[in-house]
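Beneath this line is the structure, given in structure tokens, with notes to follow.
The values are calculated or read from the model by the stated rules, or taken from the named source; none is laboratory data. All of these numbers come straight from a predicted model, not from anything done at the bench. Because the Cβ atoms are built from the backbone with ideal geometry, glycine has one as well, and the counts that use them run over all protein chains shown.
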Amino acid sequence: MKKQKNKETIKNSIEKSKQKKILCPKCNSNNCFEEIYPNTDIIGYLCYSCGYTSTSKFKPGSDIEIQAIKSQPDFIRNNVFYDKERDINWYMAVVQTTNGTIFPEPDENNWHWTYAPIKEILEKDLEAYPIPGKTGSFYSHRLAIEEGIKYDNTDFLSACKKLGIFKDFLGKDNGSKKKS
């Protein structure tokens, strides 16, 4: 019963946020969403297949785009996709929550999505994780890159499900394309 209620809550949130499915200009998937952000004229985009994201403010060379990408790794900056129809650039998404992170990672073939969980640091290991500038203070959690799970670069959806930010409300599960 609780699972059904969660699906309904998510569906209601989508309807209220003026979100709609569109065809992804990068991968042609129908698991792409366009959302008008409340009380703004900004439109956001995210594809749950290829994992590319953008906003209506990411016009090529705009100050907003330059500010947004200047701290991103070269790998993300160099894999920009230009959307001619909307005249905006799309970038690989990086998603961080208290459960973990999803990020694109180069590999020997091209690249893949990696999900890395957040793990609590054991009391006996705390001293290995000092907080810079705070003598005697230590982090309580860390990103466990060594436990990362790799997903095909067309399967951002499964990485999102693993992260726990996405419940199966797009329809049928598209099947995980986990990389070994």
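Go through (1) over 23 Å from Asn30 (Cα atoms); (2) crowded, with 16+ Cβ neighbours inside 10 Å for Pro73 and report which single condition fails.
(2)
Among the residues of segment 62-75, how many are assigned to a loop (DSSP other than H, G, I, E, B) and modelled with pLDDT under 95?
Result for segment 62-75: 4.
Within segment 9-47, take every residue that is in contact with an Asp or Glu (Cβ under 7 Å, 6 or more places away or on another chain) and modelled with pLDDT of 90 or more and give me the one that is nearest to Lys84 (Cα to Cα).
The first filter runs over segment 9-47 and keeps only residues in contact with an Asp or Glu (Cβ under 7 Å, 6 or more places away or on another chain), leaving 17-20, 22, 25, 43-45.
Keeping just the survivors that are modelled with pLDDT of 90 or more gives 20, 22, 25, 43-45.
Values: Lys20: 20, Ile22: 15, Pro25: 9, Ile43: 16, Gly44: 16, Tyr45: 15 Å.
Checking each candidate, the answer is Pro25.
Among the residues of segment 95-140, count how many are in a strand (DSSP E or B) and within 13 Å of the chain's Cα centre (by Cα).
Qualifying residue count, segment 95-140: 13.
Considering only residues that are surrounded by 13 or more Cβ atoms within 10 Å (Cβ to Cβ), more than 16 Å from the chain's Cα centre (by Cα) and not in a strand (DSSP E or B), which ones fall in segment 76-94?
Scanning segment 76-94 gives a single hit, Arg86.
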